[in-house]
Amino acid sequence: MLDELDTLCERPAPDEAALAGLRYRLTRTSGARRKLIEKLCLELQTTLPEVEIGPIRALRESNVAAMTSSSDHIGTWSLREIMKDWPGYCHASRQIQRSMRDQIELEKTTLYSHL
């Protein structure tokens, strides 16, 4: 979905319907992913030795920060604002996409060895 958003931002003008649908799906998917990550982290914190819990705690904190950043982005960039400032939105979107990709990579690095 992030690639789809990137492709939409390459267009000279916004496609409001496509953007609304994609943002909805991305919000739902990201929320579900965050809930799953939180659940996994909580489970690992109860089963891992104390010396291995630090990265799990850090991931939980990062997850909260990412959620806050995403909420701020969505709050700032309503569809009305996007229509008024397409280039500004695309710039902000690329930044949040980069942040989301970094968060997903951190989740992989932290959790995959425990799954």
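The values are calculated or read from the model by the stated rules, or taken from the named source; none is laboratory data. Keep in mind that this is a model prediction, so the values were computed, not measured. Cβ atoms come from the backbone with ideal geometry, glycine included; neighbour counts cover every protein chain shown.
Descriptive notes on the structure:
- Just one residue in the set R94, R25, R33, R60 is modelled with pLDDT of 95 or more, among the basic types (K, R), closer than 30 Å to Y112 by Cβ and under 11 Å from the mean Cα position of the chain (by Cα); that residue is R33.
- Restricting attention to the range 51-71, the residues that are surrounded by 12 or more Cβ atoms within 10 Å (Cβ to Cβ), without any contact (Cβ under 8 Å) to a residue 12 or more places away in the chain and not aliphatic (A, V, I, L, M) total 1.
- Filtered residue count, the range 87-115, keeping only those that are crowded, with 17+ Cβ neighbours inside 10 Å, in contact (Cβ under 8 Å) with a residue 24 or more places away in the chain and either within 20 Å of G31 (Cα to Cα) or of a type in the set (A, V, I, L, M, F, W, C) (or both): 10
- Hits in the range 61-81 (condition: touching a Ser or Thr at 6+ places or on another chain (Cβ under 9 Å) and either within 12 Å of L5 (Cβ to Cβ) or hydrophobic (A, V, I, L, M, F, W, C) (or both)): A66, M67, H73, I74, W77
- Pairing residues of the range 34-50 that are within 14 Å of K108 (Cβ to Cβ) with residues that are of a type in the set (V, I, T), at Cβ distances under 8 Å and at least 6 apart in sequence or on separate chains, gives C41/I56.
- Out of S71, S78, sole residue that is over 25 Å from E105 (Cβ atoms) and of a type in the set (S, T, Y): S78
- Taking every residue in the range 1-21 that is free of Cβ contacts under 8 Å to residues at least 24 places away in the same chain and pairing it with any residue that is surrounded by fewer than 12 Cβ atoms within 10 Å (Cβ to Cβ), at least 6 positions away or on another chain, the pairs with Cβ-Cβ distances below 8 Å are L8/D15.
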